[in-house]
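Asks: Structure below; questions to follow.
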Amino acid sequence: MSFGENLRFLRTEAGLTQEQFAEQMEVTRQSVSKWESDSGFPELDKLLQISDRFDCDLDTLLRGDVQAQKQTDTIGYDAHMTRRARMTALGVMLCIFGPVGAAIAPHRLEGIAFFLFVIPAVLILVLSAIWHHQFQQEHAVLIPLYKEEELSAARKRYPFWIISGIGMILSALLVWAIGDIWDTHFIDGIGLGFIALGVGVLVYGVLEHEKYNIEKNQKDFSNALEKKESKSDRLCSVIMMIATIIFLLYLFLGNGNGHSDVGRVAAAVYATSGILCGIVGILAGKEEDKGK
C-alpha cells in the first residue's frame with residue numbers, strides 16, 4: 001500500500017473525517033486530501049506527528065501495508081470472545097442444573113441444592129457481562145482478522161454444535177419416557193440434566209459462531225459505547241427472571257406432593273422461556289432488517 005492508502009485507512013479506522021484530521025494536524029483539509037491521493041507529501045515533522053498519532057512506525061506507514069499488519073489479533077479479540085462463550089454457556093448450564101439438584105435432592109434440601117448451582121451461575125454470568133462490557137469500551141474499533149479458511153471452518157462447525165445441542169435436549173424425552181416405566185424421581189433430574197447440557201452446547205455454539213461476524217459485533221460494540229442496549233436483550237433478561245421466579249414459587253410454595261414433578265416443572269418453565277427468547281430474537285432481527 002502507498003503512504004496515501006495507509007493514511008486513509010488509519011484515519012478511517014480512527015473514525016475521523018478529513019476535516020477533523022486536518023484540524024488535529026493543523027493543516028488544511030486540501031492538504032490531507034492530497035496526502036491521501038498521493039499527489040502531495042507531508043513534511044518530516046508532520047510525518048512524525050502522524051506516526052505518533054496512530055502509533056505506527058514510519059517504515060510501515062511509508063512503505064508497508066498497515067491494514068495487513070493490523071489484521072492480527074493484537075487486542076485479544078478471539079481469546080476474549082471464546083472465553084465469553086464458555087463462561088456464558090457454563091453459567092446457563094449451572095442455572096438449569098439448579099432445578100436438577102432440586103429434583104434429586106432429599107426432601108427439605110431442595111432449596112439448598114438449587115442455590116448451590118444458581119449462585120455460582122449468576123456470579124459467572126455477571127462477571128462475564130462485566131468483562132465483555134469493559135472490552136467493548138476499550139476496543140471501539142474491530143479490524144477483520146480471520147482468514148477465509150478460518151471462516152469456512154467455523155461455518156462447517158456451526159451445524160454440528162446445533163445438532164448436538166438439539167440431540168441432547170431431545171434425549172431428555174427418551175429419559176422421561178423411561179421414567180414412566182421405571183418410577184423414580186432421579187429420572188426427572190437426569191432428563192433435566194440432558195436439557196442443561198443441550199442448552200449449554202447451543203449457547204456456546206451460537207456465541208462461538210457469532211464471534212466471526214466482525215461486522216455485527218462492531219455494531220454491538222458501538223452500541224455499548226453509546227450505552228445502548230437492544231430491546232431483545234432486555235426482554236430475554238425479563239423472561240428468564242420471570243421463569244426463575246415461577247420455579248422458585250413452585251419449589252417453596254406449591255411442591256406439596258413430594259418432588260417427583262420438580263424436574264418436569266423446571267423443564268416446562270425454562271424450555272418455554274427459552275422458546276420465548278428465541279421468538280423475541282427472531283422478531284428483533286426482522287425489525288432490524290426493516291430498519292436497513
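The values are calculated or read from the model by the stated rules, or taken from the named source; none is laboratory data. Note that the structure is predicted; figures quoted are calculated from it, not measured. Here the Cβ is made from the backbone with ideal geometry for all residues, glycine too, and neighbour counts use every protein chain on show. Please note that ligands, DNA and RNA were not included when accessible areas were found on the heavy atoms of the full protein model with its side chains. Shrake-Rupley method; radii C 1.70, N 1.55, O 1.52, S 1.80 Å.
Asks: So which residues in segment 99-140 are open to solvent by 20 Å² or more (accessible area, probe 1.4 Å), of a type outside the set (Phe, Trp, Tyr), assigned to a helix (DSSP H, G or I) and more than 29 Å from Glu210 (Cα to Cα)?
Replies: Ile104, Ile112, Leu116
Asks: Could you check segment 217-230 and list, in sequence order, the residues that are at pLDDT below 80, part of a helix (DSSP H, G or I) and not aliphatic (A, V, I, L, M)?
Replies: Residues satisfying the conditions are Gln218, Lys219, Asp220, Phe221, Ser222, Asn223.
Asks: Give me the pairs: first residue in segment 141-160 and more than 27 Å from Gly198 (Cβ to Cβ) and open to solvent by less than 70 Å² (accessible area, probe 1.4 Å), second residue of a type in the set (Lys, Arg) and not in a loop (DSSP other than H, G, I, E, B), beta-carbon distance under 9 Å, and six or more apart or on different chains, which are they?
Replies: So the pair list comes out as Ile143/Lys70; Leu145/Lys70.
Asks: In contact with an Asp or Glu (Cβ under 8 Å, 6 or more places away or on another chain), open to solvent by less than 40 Å² (accessible area, probe 1.4 Å) and modelled with pLDDT of 85 or more: is that true of Phe21 in this structure?
Replies: Values: in contact with an Asp or Glu (Cβ under 8 Å, 6 or more places away or on another chain): no; open to solvent by less than 40 Å² (accessible area, probe 1.4 Å): yes; modelled with pLDDT of 85 or more: yes.
So Phe21 fails the test.
Asks: Something else about it: Could you run through segment 161-174 and say how many residues are open to solvent by 50 Å² or more (accessible area, probe 1.4 Å) and out of contact with any Gly (no Cβ under 6 Å at 6 or more places or on another chain)?
Replies: Residues that pass the stated criteria total 6.
Asks: Here is a further query. Output the residues belonging to segment 1-18 that are among the hydroxyl-bearing types (Ser, Thr, Tyr) and open to solvent by 40 Å² or more (accessible area, probe 1.4 Å).
Replies: Thr12, Thr17, listed by residue number.
Asks: Could you tell me whether any residue of segment 191-214 is in contact (Cβ under 8 Å) with a residue 12 or more places away in the chain, over 24 Å from the mean Cα position of the chain (by Cα) and in a helix (DSSP H, G or I)?
Replies: Looking through segment 191-214, at least one residue is in contact (Cβ under 8 Å) with a residue 12 or more places away in the chain, over 24 Å from the mean Cα position of the chain (by Cα) and in a helix (DSSP H, G or I).
Asks: Condition first: within 14 Å of Glu5 (Cα to Cα) and open to solvent by 50 Å² or more (accessible area, probe 1.4 Å). Now tell me which residues in segment 40-57 satisfy that.
Replies: Matches in segment 40-57: Phe41 only.
Asks: Quick check: anything in segment 147-156 assigned to a loop (DSSP other than H, G, I, E, B), at pLDDT below 85 and under 17 Å from Ala79 (Cα atoms)? Step through it out loud before you land on a result.
Replies: Of all residues in segment 147-156, those assigned to a loop (DSSP other than H, G, I, E, B) come to 147.
Next cut, at pLDDT below 85 only: 147.
Retained after the next criterion (residues that are under 17 Å from Ala79 (Cα atoms)): 147.
Yes, that holds for at least one residue.
Asks: For Thr60, which of the numbered conditions (1) free of Cβ contacts under 8 Å to residues at least 60 places away in the same chain; (2) open to solvent by 60 Å² or more (accessible area, probe 1.4 Å) fails to hold?
Replies: Single failed check for Thr60: (2).
Asks: Moving to a separate point now. Among the residues of segment 45-64, what is the count of those that are within 18 Å of Ala22 (Cβ to Cβ), part of a helix (DSSP H, G or I) and not polar (S, T, N, Q)? Spell out how you get there, then give the answer.
Replies: Here is the first cut: in segment 45-64, the ones within 18 Å of Ala22 (Cβ to Cβ) are 45-54, 61.
Narrowing the set further to residues that are part of a helix (DSSP H, G or I) leaves 45-53, 61.
Keeping just the survivors that are not polar (S, T, N, Q) gives 45-48, 50, 52-53, 61.
So the answer is 8.
Asks: Take the conditions crowded, with 17+ Cβ neighbours inside 10 Å, modelled with pLDDT of 90 or more, among the β-branched types (Val, Ile, Thr) and under 30 Å from Gly189 (Cβ atoms) and apply them to Ile96. Does it pass?
Replies: no
Asks: Against the condition modelled with pLDDT of 80 or more, of a type in the set (Val, Ile, Thr) and touching a Ser or Thr at 6+ places or on another chain (Cβ under 9 Å), how does Ile143 come out, does it pass? Full working, then the answer.
Replies: Working: modelled with pLDDT of 80 or more: no; of a type in the set (Val, Ile, Thr): yes; touching a Ser or Thr at 6+ places or on another chain (Cβ under 9 Å): yes.
No: the conditions fail for Ile143.
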